[in-house]
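For reference, the structure discussed in these notes is given below.
Here, each number is a calculation from the coordinates, and none is a lab measurement. Not measured: the values here are computed from a predicted model. Please note: Cβ atoms are built from the backbone with ideal geometry, for glycine as well, and neighbour counts cover all protein chains shown.
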Ligand code: ADP
Ligand code: MG
Ligand code: MG
């Protein structure tokens with residue numbers, strides 16, 4: 001059992017002139033393995049900033065608060081150390097990795113995370129199965145990472161990493177964006193398989209409610225202007241689908 005604990009997290013983005021623009025205004029969130037949380041909020045509310053901050057993106061400066069994974073200080077770790085500690089953050093991986101095939105990339109990532117290379121025989125089978133389940137052409141494994149990938153292929157690759165790396169905590173930022181309905185279903189099924197293992201805590205960040213028709217969150221957090229303004233169960237997502245974010249944004253501004 002693992003716990004990701006975010007306490008009073010305050011984050012500013014570093015602007016090109018060197019100024020700091022405050023974005024996160026004190027975020028509190030606890031995610032345990034086996035739980036699925038959805039963070040939902042309007043565009044520009046700071047959802048990606050939260051994901052990037054936990055990933056260790058250099059553009060974001062932590063100005064207050066803590067993030068721990070099973071008591072260990074995540075904010076002190078390098079990006080690699082975060083991955084080895086069991087955090088999966090899709091955006092930590094480069095947009096394109098020239099000359100590195102999907103198969104090699106996944107094997108290298110698996111080796112880095114586990115501290116030992118996966119067994120050759122079982123690994124090939126696992127890879128094949130993951131690709132089959134995500135309805136990917138086997139030839140995909142030989143393509144270079146993210147080179148010319150369509151939006152759907154990028155997301156499938158992201159979920160393939162998630163299924164093969166088996167992290168303690170996974171943060172998926174806008175995994176639903178740009179997917180047609182078939183790809184959304186395939187990707188959601190992958191997330192649900194990970195969920196059903198009970199070993200991974202999932203934090204789904206999304207603006208829209210449609211992915212939550214396929215993946216039922218245990219907890220929903222409404223995120224507005226850099227903080228969580230309301231929390232509830234799956235019924236809160238349904239309410240947001242019907243009413244939008246108007247009343248939160250209106251109340252705040
Ligand atoms: P969301 O993911 O909820 O749409 P973001 O975290 O992307 O929100 O952005 C939150 C706010 O921070 C926005 O006002 C955005 O313009 C600002 N912001 C984020 N990153 C940067 C950046 N690199 N430079 C300037 N402003 C930024
Ligand atoms: Mg909780
Ligand atoms: Mg975003």
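If you fit an axis through the alpha-carbon atoms of helix 151-165 and take the longest principal axis of the Cα set of the chain, what angle between them do you get, 0 to 90°, nearest 10? That works out to roughly 80 degrees.
Residues considered: 238, 174, 17. Largest GNM mean-square fluctuation over the chain, using C-alpha springs under 10 Å, is found at 17.
Considering only alpha-carbon pairs that sit under 8 angstrom and 6 or more positions apart, the relative contact order computed for the stretch 3-108 is 29 percent.
Once the C-beta distance of residue 19 and residue 242 is scaled by a Förster radius of 51 Å, the resulting FRET efficiency is 0.80 to the nearest 0.05.
Label separation (residue 213 vs residue 101): 3.8 nm, computed from points 7 Å beyond Cα along the C-beta direction.
Given in Å, the Rg to one decimal and the Dmax to the nearest whole number for the Cα atoms of the stretch 1-155 are 17.8, 52. Given their separation in residues at 0.36 nm each and the Cα-Cα distance between them, residue 119 and residue 166 gain 15.4 nm when the chain is fully extended.
Of all the options 199, 76, 176, the one that moves most in a Gaussian network model of the chain with Cα springs shorter than 10 angstrom is 76.
Per residue of the chain, what 222 nm ellipticity follows from adding -39500 (n - 2.57) for every DSSP H run with n ≥ 4, rounded to the nearest 500? Numbers along the way, then the final one.
Working: 8 runs with 91 residues, N = 253.
When only DSSP H runs of four or more count, the value is -11000 deg cm²/dmol.
Projected label points at residue 7 and residue 137, each 7 Å from Cα along the beta carbon direction, are separated by 5.1 nanometres. Debye calculation, C-alpha points only, no solvent: report log10 I(q)/I(0) for the stretch 1-83 at q = 0.19 Å⁻¹, in the same order as the q values. These q points yield log10 I(q)/I(0) values of -0.87.
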